[in-house]
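Derivation of every value follows stated rules applied to the coordinates shown; laboratory data play no part. Note that the structure is a prediction, hence the values are computed from the model and not measured.
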Amino acid sequence: MDDAYIIDAVRTPRGIGKVGKGALAGLHPQHLAATVLKALLDRNNFNTAEVDDVIWGTSAQKGLQGGDMGRMAALDAGYDVRASGVTLDRFCGSGLTAASLAAAQIRSGMEDLVIAGGTEMMSLINALGQQEREAGFKSMGLGTGNQRLKLRHPQSHQGLCADAIASMEGINREALDAFSLESQQRAGRAIREGWFNRSIVPVVSDEGAIILAKDEHPRPQTTAKDLAALKPSFAQVGEMSPDSSGVTFRQLINQRYPELKIEPLHHAGSSSGVVDGAAALLLASAGYARKNGLKPRARIVATANIGDDPTLMLNGPVPAARKVLMKAGLTQDDIDLWEVNEAFAVVLEKFIRDLRLDRDKVNVNGGAIALGHPLGMSGARLVVTAVHGMEKRGGKRALATMCVGVGQGVAMAIEKLN
C-alpha cells in the first residue's frame, strides 16, 4: 500500500458570514474554492492535466453552492479540463471526508495526484434559510415527511444538543466560558505572531485587488466579563417546533432522555462563529512526488469514520479519535497536536475530559469559536492547521477530528515529514 503524502495545505481567510458585514459575503462560492486551487498551483507548479480528481466538500448544496463545486472550481481556477471533480456532503465533516477519500484513492494505488478540500459560504446559506422561513418552510429538523425516522431517532437543534450534553456531563457555564475565552486568546496570539501566515492565501478580485487577507471573526479583546454578560442562545429554540407536528426541539431530546433537564448554557461567545471560507490540500503518492520533484510535508497515517447518537448529535469526536488511534497503531501519548472543531465549547470540554488530554496540546492556535466554522471547509482546515502547526512547533504527529451532524465523527492522524 502506497503512502498518501500532503504536499501543501492552504486556506482562505475566514470572512464574517453575514451579508453586508463580511468581506467575502458578496462573492460566488466557486471564487473561494478557485482561490485555494490557484494557490496550490502557484506554490507547487504541478501539471493540472495530471490531477486525477478534485474531491470537494460542501454541506449545503443549494443555491449558488449547488452543482459540483469541485469540478466547477477547478475550471474556474484555470485547471486543465482533464482534472475531474466531485462534491460530497457529510454535513460539517465534508472537508475532512474529502481528504480521507483522496488519501484512500492514493493509498490503494488507484490515483496519484488528488486535491481535496471544501467550501462553505454561511452568508449565502443563512440568507437562503431566511428566505425559506419567510416562505413558510422549516429549514431545520426532519419535517413531516419522515415521521418514521423521527420516531426512531429524534433529531433536535444542534445548539440545544450542546446544552443537553453539558447538562448531562455536569459541565457548567463557567467552564464553557473559560474554554471560549482561551480560544479567543490563543487565536489572537497566533495571528499576532504570524502562525497562520504560511497557510493563508488572500482572496482577490478578478482585477487583482485584495478582498480579504486576514480572518475577520476573531475577537481577541474579549474578556471573561464580556462572555458572562451574554444571554444563552438556545432556550427559546428549545420551545420551537421544526415542523407542523408541534413537537418542540426540547421534546425531541426528551423523547430519548425523559429525565434530562436541559440547562441554557451556550451563547454566541461559546458557539462556533458564522463565517465564509475555503481550504484545500494537495495530495500525492510517494512515487508521483518523487518523480515530479514535489516535496512532501506530511503523511496521512490513518482515517476513521464512526456513527454516534443522532439525538445528542455532537459526541462523535471521542470515539472517532479512539478509532483512528487504534487503526494507526498509536496511543494518545503519541499525538503532539490535537485539532478538534469547536462547534460548541462543550464538544471540546467533553473531549479533553474524556481522553484526559493536556490542554496545551489541544487547539493551540484557537479554534472555530474564535475563528469561525464554515461547514464544508472546516474539516480540511483542521488538517491545514495541523500541518503548519507541527512545522512551527516541532511536533511529529497530529490528530484532527470533529463532530458531524446527525451523530457522526470523523478523524485523521497525520505525521510530519523531514
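Kindly provide log₁₀ I(q)/I(0) values, in the same order as q = 0.21, 0.28, 0.34 Å⁻¹, from the Debye equation applied to equal alpha-carbon scatterers of segment 374-414. Listed by q, the Debye log ratios stand at -0.66, -0.95, -1.17. What is the angle, in °, between the Cα long axis of helix 94-107 and the longest principal axis of the Cα atoms in the chain? Nearest 10 is fine, range 0 to 90. In the chain, helix 94-107 runs at an angle near 40 degrees to the longest axis. When only Cα pairs below 8 angstrom with a gap of at least 6 residues are kept, the chain shows a relative contact order of 27 percent. In order along segment 156-172, the Karplus-derived 3J(HN,Hα) couplings, from 6.51 cos²θ - 1.76 cosθ + 1.60 at θ = phi - 60°, round to 10, 7, 4, x, 5, 4, 4, 5, 5, 5, 4, 5, 5, 8, x, 8, 8 Hz, and Gly and Pro are given as x. Near residue 201, the amide H atoms lying under 5 Å from its own belong to 11, 12; only residues 5 or more places off or on other chains count, and H is placed 1.01 Å from N. Rounded to the nearest whole Hz, the Karplus-based 3J(HN,Hα) values (6.51 cos²θ - 1.76 cosθ + 1.60, θ = phi - 60°) of segment 388-400 follow the sequence 5, x, 5, 5, 6, 9, x, x, 9, 9, 9, 10, 10, with x at glycine and proline.
Contact order for segment 162-248, expressed relative to its length and based on alpha carbon pairs under 8 Å spaced 6+ residues apart, stands at 26 percent. Just to confirm the number: angle between the C-alpha axis of helix 317-328 and the first principal axis of the chain, 0 to 90 degrees, nearest 10? Approximately 30 degrees, to the nearest ten. For segment 1-118, the relative contact order comes to 30 percent (Cα pairs under 8 Å, sequence separation of at least 6). Taking every DSSP helix (H) stretch of at least 4 residues in the chain, weighting each as -39,500 (n - 2.57) and dividing the sum by the residue count yields a mean residue ellipticity at 222 nm of -11500 deg cm²/dmol. Spatially close Lys pairs in segment 233-389, defined by Cα atoms under 21 Å apart and a spacing of eight or more places or different chains, total 4. Here the Karplus curve 6.51 cos²θ - 1.76 cosθ + 1.60, taken at θ = phi - 60°, turns the phi angles of segment 246-254 into couplings of x, 6, 7, 4, 5, 5, 4, 5, 5 Hz, with x standing for Gly and Pro. For the chain, a Gaussian network of Cα nodes joined below 10 Å ranks 223, 303, 58 by mean-square fluctuation, and the top entry is 223. Kirkwood hydrodynamic radius of segment 277-418, from the reciprocal of the average inverse Cα-Cα distance over all distinct pairs: 15.3 Å. Here, the chain is characterised by an Rg to Rh ratio of 0.95, where Rg is the alpha-carbon radius of gyration and Rh the Kirkwood radius. Summed over all non-identical Cα pairs, the Kirkwood treatment of segment 201-315 gives a radius of 20.0 Å. For the options 397, 173, 256, a Gaussian network treatment of the chain with springs between C-alpha atoms closer than 10 Å singles out 256 as fluctuating the most.
Between segment 362-385 and segment 158-178, the C-alpha centres lie 20 angstrom from each other.
Note on the chain: with a GNM built from Cα contacts shorter than 10 Å, the maximum mean-square fluctuation among 321, 398, 235 falls on 235.
Separation of segment 268-297 from segment 387-406 is 11 Å, based on Cα centroids.
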